[in-house]
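Student: Take a look at this one; I'll ask things after.
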């Protein structure tokens, strides 16, 4: 009888631990679902900014820089366009749930192999975008910005900032007549345009699709909304 009581107690405790772990698993998945939804919103906003800001600005800036002759009207267009092309570009993915799962050693709580495999693939895609593709883009952007500073006079902008409007009624002049430097800047911006509207844009689309699929999978598996 004593053995049976101890054994039943062990089973009850084991069952209780399983229930606690299953509840923790579900709570993690709720948090993961929130992170993925925020990621898709962020991706959609970034994709929109590429379509409506970076694509036209980078394209136009490169065309202007490759021109054989800079008229007064062309210089005005360049001041209106080229400095904007070196604007910082980034994206932030939600990682609070990921870090909790990894740091606490709780990845084991996720029992569904399809979900764990999909999450690992998703994190790898995000990591490659941030640490490889965007790192390469940022290196080119920094070189572009250094050339912008050497070719365009910041004093023509309000508060000497490239992000501010141009001062009114000022005759605009370039700081150099070295065509090689303008072509070099055009090359950098053309490369940035190719990266951003090509491989980076496509990976963002792929990541967004993976996030959307994961949202559906987690909702179905854990009966979440």
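The values are calculated or read from the model by the stated rules, or taken from the named source; none is laboratory data. Bear in mind the structure is a predicted one, so any value in this text is a computation, not a measurement. Quick reminder, even Gly has a Cβ in these numbers, built from the backbone with ideal geometry, and neighbours come from all protein chains shown.
Student: With respect to residue 196, determine if the residue is under 17 Å from residue 85 (Cα atoms), modelled with pLDDT of 95 or more and not in a loop (DSSP other than H, G, I, E, B). Steps first, answer last, please.
Tutor: Details: under 17 Å from residue 85 (Cα atoms): yes; modelled with pLDDT of 95 or more: yes; not in a loop (DSSP other than H, G, I, E, B): yes.
Answer is yes for this residue.
Student: Additional query: Would you mind stating whether residue 167 is over 16 Å from residue 58 (Cα atoms) and out of contact with any strand residue (DSSP E or B) (no Cβ under 8 Å at 6 or more places or on another chain)? Spell out how you get there, then give the answer.
Tutor: On the way: over 16 Å from residue 58 (Cα atoms): yes; out of contact with any strand residue (DSSP E or B) (no Cβ under 8 Å at 6 or more places or on another chain): no.
Judged against the criteria, residue 167 is not a match.
Student: Please go through the stretch 62-77 and pick out each residue that is closer than 17 Å to residue 172 by Cα and either crowded, with 16+ Cβ neighbours inside 10 Å or touching a strand residue (DSSP E or B) at 6+ places or on another chain (Cβ under 7 Å) (or both).
Tutor: Correct list: 64, 65, 70, 75, 77.
Student: Then there is this: Filter the stretch 78-106 down to the residues that are in contact with a helix residue (DSSP H, G or I) (Cβ under 8 Å, 6 or more places away or on another chain), part of a helix (DSSP H, G or I) and within 21 Å of residue 37 (Cβ to Cβ) and list them by number.
Tutor: If we filter the stretch 78-106 for residues that are in contact with a helix residue (DSSP H, G or I) (Cβ under 8 Å, 6 or more places away or on another chain), which is where we start, we get 78-79, 81-98, 100-101, 106.
Retained after the next criterion (residues that are part of a helix (DSSP H, G or I)): 78-79, 81-86, 96-98, 100-101.
Of everything in the stretch 78-106, those that are in contact with a helix residue (DSSP H, G or I) (Cβ under 8 Å, 6 or more places away or on another chain), part of a helix (DSSP H, G or I) and within 21 Å of residue 37 (Cβ to Cβ) turn out to be 96, 97, 98, 100, 101.
Student: Is there any pair linking a residue in the stretch 145-172 that is on the phi > 0 side of the Ramachandran plot and in a helix (DSSP H, G or I) to one that is modelled with pLDDT of 90 or more and exposed (fewer than 12 other Cβ atoms within 10 Å of the Cβ), with Cβ under 9 Å and at least six apart or on different chains, and which?
Tutor: Nothing qualifies.
Student: Sticking with this one: For residue 32, only one of the following conditions fails: (1) farther than 18 Å from residue 141 by Cα; (2) crowded, with 17+ Cβ neighbours inside 10 Å; (3) at pLDDT 95 or above. What is its number?
Tutor: So residue 32 meets the others, but not (3).
Student: Okay, next question. Between a first residue in the stretch 83-95 that is at pLDDT 90 or above and a second residue that is assigned to a loop (DSSP other than H, G, I, E, B) and loosely packed, with under 15 Cβ neighbours inside 10 Å, which pairs have beta carbons less than 8 Å apart while being 6 or more apart in sequence or on different chains?
Tutor: 87/163
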